[in-house]
Amino acid sequence: MISDYVKGKKKLDYPTEIQWGIQLHRAIDQYTDTHEATREAKEVFRPSYRLYSGAVVDVIYDHFLAADESEFTDDTLLQFARGVYEVLEHQQHLMPERFAGMFPYMKEQNWLFHYRSRWGAGKSLGGLVRRAQYLTESETAFRLFEAHYQLLSDCYRHFWNEVKPFAAQTFTELSGGENLTG
């Protein structure tokens with residue numbers, strides 16, 4: 001969750017398990033950026049958002065993941081979101097300042113759950129604009145999202161089927177096969 005707020009070697013300031021998470025996040029970001037489905041999805045947004053088209057697609061993929069019935073029902077997504085917020089609450093002392101400032105709003109407004117709806121994706125696109133230095137509006141991104149919903153859904157499905165095993169393998173390599181769920 002904090003990877004985008006931890007730059008360069010600052011990751012070494014964190015416990016080993018969090019370093020693994022940061023490295024995993026970065027590996028997934030790189031994989032995502034170079035995946036053929038992502039390149040196709042970015043083309044929907046590139047004319048209006050240029051270099052930010054990848055960030056827009058990240059939000060769109062979050063929507064499709066949250067809405068993916070093969071991954072989450074309403075109940076399991078709600079449980080997952082609550083679990084993430086609970087874990088993060090216990091780790092607030094480790095949060096980068098910018099993430100720590102955003103976290104109360106994330107939890108209060110239940111961003112992770114609301115990605116599931118198109119409305120929630122639209123709100124997240126608005127949040128992206130507020131955090132990005134060179135973006136001024138998200139309405140165009142939302143209109144493009146709506147107009148190309150099926151194409152973007154197809155891109156997500158193609159991508160998701162390949163990123164899941166990549167992420168699992170990368171995590172196994174980073175952690176040396178350690179199981180951190182217990």
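Read the figures in this text as sums done on the coordinates, not as results from a lab. Worth saying up front: this structure is predicted, and the values here are computed from it rather than measured. Cβ coordinates were reconstructed from backbone atoms using ideal geometry, including for glycine residues, and neighbour counts include every protein chain displayed.
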Rg in Å to one decimal, and Dmax rounded to a whole Å, for the stretch 126-169 via C-alpha atoms: 14.3, 38
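Please give the length that would be gained between Arg143 and Ala168 if that part of the chain were fully extended, namely 0.36 nm times their separation in residues minus their C-alpha to C-alpha distance (nm, one decimal). Walk me through the numbers before you get to the answer.
On the way: separation 25, 0.36 × 25 = 9.00 nm, distance 3.38 nm.
Length gained, Arg143 through Ala168: 5.6 nm.
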CD proxy, 222 nm, the chain: helix-only mean residue ellipticity via -39,500 (n - 2.57) per DSSP H run with n ≥ 4, per residue, nearest 500, stands at -23500 deg cm²/dmol
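Ranking request for peptides 120-129, 133-142: highest mean number of other beta-carbon atoms within 10 Å first, then the rest in descending order.
Values: 120-129: 19.8, 133-142: 14.6.
The most tightly packed comes first, giving 120-129, 133-142.
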Calculate one ³J(HN,Hα) per residue across the stretch 147-152 by plugging θ = phi - 60° into the Karplus curve 6.51 cos²θ - 1.76 cosθ + 1.60, and present them in order as whole Hz with x for glycine and proline. 5, 10, 3, 5, 4, 5
Estimated vicinal HN-Hα couplings, Hz - the stretch 71-78 in sequence order (Karplus 6.51, -1.76, 1.60; Gly, Pro = x): 10, 9, 9, 3, 5, 6, 5, 4
Under 15 Å Cα-Cα from Lys123, which aspartates and glutamates qualify once same-chain neighbours fewer than 8 residues away are excluded? Asp58, Asp62, Glu108, Glu137, Glu139, Glu146
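Compute and list, largest first, the equivalent-ellipsoid semi-axes of the chain from the alpha carbon gyration tensor, each √(5λ) rounded to a whole angstrom. Mind dumping the intermediate values first?
Numbers: eigenvalues 131, 74, 63 Å².
Here the semi-axes work out to 26, 19, 18 Å.
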Reciprocal of mean inverse Cα separation for the stretch 10-51 (Kirkwood radius, Å): 12.0 Å
Can you list the aspartates and glutamates whose alpha carbon is less than 15 Å from that of Lys7, not counting same-chain residues fewer than 8 positions off? Asp29, Glu97
Charged-residue dipole, Cβ positions (Lys, Arg, Asp, Glu), the chain about Cα centre, Debye nearest 20: 660 debye
Quick one: among Gly101, Gly54, Gly21, which has the greatest mean-square fluctuation in a GNM of the chain with alpha-carbon springs under 10 angstrom? Gly101
Order these by the 10 Å Cβ neighbour count, fewest first: Thr170, Thr38. Thr170, Thr38
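So how much slack lies between His158 and Arg39, counting 0.36 nm per residue of separation and subtracting their Cα-Cα distance, in nm?
Numbers: separation 119, 0.36 × 119 = 42.84 nm, distance 1.17 nm.
Here the segment from His158 to Arg39 would lengthen by 41.7 nm.
Rounded to a whole number, what is D in µm²/s for the stretch 80-132 from Stokes-Einstein with the Kirkwood radius over alpha-carbon pairs (20 °C, 1.002 mPa s)?
Numbers: Rh = 11.8 Å.
D, rounded to a whole number, is 182 µm²/s.
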